[in-house]
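What follows is calculated from the coordinates using simple rules that are stated; it is not laboratory data. Since we're looking at a predicted model, the values are computed, not measured. Cβ atoms come from the backbone with ideal geometry, glycine included; neighbour counts cover every protein chain shown.
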Amino acid sequence: MEMTDDQLLRTGWKPFFQQQIADHGSTAIKVARVSSHHGIRVLLLGEAGEFGIPVQSAEAVGGIAVGDWVVLDAGADRVLQRLERKTVLFRKAAGEEVKPQIIAANIDTLFITTSCNEDFNLSRIERYLALALDAGIRPIVVLTKVDLCDSADEYRRQAEQLHPGLVVESLDARDPEQVTRLRSWCGPGESVALLGSSGVGKSTLANALGAGDLATGSIRDTDGKGRHTTTARSLHLLPSGGVLVDNPGVRECQLSECEHGLKTLFDDVIQIAQRCQFRNCSHEGESGCAIGPALTSGELDQRRFANFVSLSEEQARNAKSLAERHDRQDRQDRLDRQERKIASGRSQKSASAHKRRRRRK
Ligand SMILES: Nc1nc2c(ncn2[C@@H]2O[C@H](COP(=O)(O)OP(=O)(O)OP(=O)(O)O)[C@@H](O)[C@H]2O)c(=O)[nH]1
Ligand SMILES: [Mg+2]
Ligand SMILES: [Zn+2]
């Protein structure tokens, strides 16, 4: 299989994936990228365009997510291998149970999308930044609806302060001319994903970037919130040469295994905390604490510190439940293996007893 195929390169195919292709013997193979996953049917983008296969064939060797690269049996349209992910963006799935849900695989850049209205929230942007930084994905903050707001520059300035070197673009998402500012992250071979609340203009942006004709929705007048127009994530080819994943609006995006992301994002807070006299300082007014004075002097922002504490606690809590879940799963797997062994021992015994009886006859 040659990797010079233009269509594959445009879909994000890289040497990193090429070199993982296992030896599939004499089976004719092809590669493709998961573009959407509808539960019973999975759509894939290959050299010859988009095609659909049943989920049983798509997940024949394990779960797959939008953005994944897979190797298929070209004749049977059945997945033989899921290639290792370059990056994976995940969050804790909504609900009580702590289990990770993949937002998109193999993404290079995340457009953290928020509008210049009620949706604008620095702590929420920090949450998404931590997710992206943890996954090794370049975050870009996109502020939409500048046409409806007088203080877009102020929003932009505040967002820029959340992380050194953070790029923040503000625009009217309906205007393809303004949206060209995002084109440099959407070039050949690049994969970008949109993430943000419902109604902030993710699908509008996707359309302006040339993703196709995605449905966009209206906003409730009462609270400026969207109506969850996009219901499933989907990956699209862009005329600029890259691909884009549009996501449904997220209500809740809890962090689970995001320790590295939080450390990277809140390096400033951690640096100050290192000046505390005691290593186990709880930063609650004890003597020798460096956080209190930094908050008083304004060196450290109250909101930022409070969000650091709250995201760190959430992360630790979810990571612990996740570890417990893994332990439970491991124990169950061990039990299942033992049971299978006993059962197969039993059937071997009865098979040899049967043979002995036959020999005696
Ligand atoms: N004035 C203005 N309206 C915008 C802008 N961006 C999006 N809209 C409008 O906001 C509404 C919601 O946009 P969508 O693109 O559907 O939002 P979304 O983020 O995809 O929403 P979900 O799919 O529900 O997550 C639509 O009516 C858009 O036309 C903008 O920059 N300015
Ligand atoms: Mg949408
Ligand atoms: Zn302290």
Treating only Lys and Arg (+1) and Asp and Glu (-1) as charged, each at its beta carbon, one finds that the stretch 96-205 has a dipole about its Cα centre, in Debye to the nearest 20, of 240
Of all trypsin sites (Lys or Arg not before Pro) in the stretch 224-328, the ones in DSSP coil with at most 15 other Cβ atoms within 10 Å are Arg227, Arg251, Arg275, Arg279
Taking Cα atoms only, Rg over Rh for the stretch 88-246 with Rh from the Kirkwood formula is 0.93
Under the Karplus relation with 6.51, -1.76 and 1.60 and θ = phi - 60°, whole-Hz ³J(HN,Hα) for the stretch 74-79, x at Gly and Pro, equal 4, x, 9, 6, 10, 6
Restricted to the chain, the DSSP antiparallel beta bridge percent, nearest 5, is 60
For Val142, the net charge from surrounding residues (Cβ-Cβ under 10 Å; K, R +1; D, E -1) works out to +1
Least to most buried among Ser26, Ser321, Ser191, by other C-beta atoms within 10 Å and fewest first, runs Ser26, Ser321, Ser191
Any GluC sites (Glu not before Pro) in the stretch 56-135 that lie in a DSSP loop and have at most 16 other Cβ atoms within 10 Å would be Glu59, Glu84, Glu96, Glu97, Glu118
Of the convex hull drawn through the C-alpha atoms of the stretch 6-82, the volume per residue in Å³ is 86
For the stretch 208-285 the GluC sites (Glu not before Pro) that pass both the DSSP coil test and the at-most-11 other-Cβ-within-10 Å test are Glu252, Glu284
Computed about the Cα centre, the charge dipole of the chain from +1 Lys/Arg and -1 Asp/Glu charges at the Cβ has a magnitude in debye, to the nearest 20, of 3320
Dipole check, the chain, charges on Cβ (K,R +1; D,E -1), about Cα centroid: among Gly241, Leu194, Gln20 the Cα furthest to the positive pole belongs to Gln20
Here the gain from full extension of Ser287 to Arg325, 0.36 nm per residue of separation minus their alpha-carbon distance, amounts to 9.7 nm
For the pair Arg174 and Leu335, the simple spin-label estimate (label points 7 Å beyond Cα toward Cβ) gives in nm 5.8
Expected sort for Ile342, Ile291 with the fewest Cβ neighbours (10 Å cutoff) up front is Ile342, Ile291
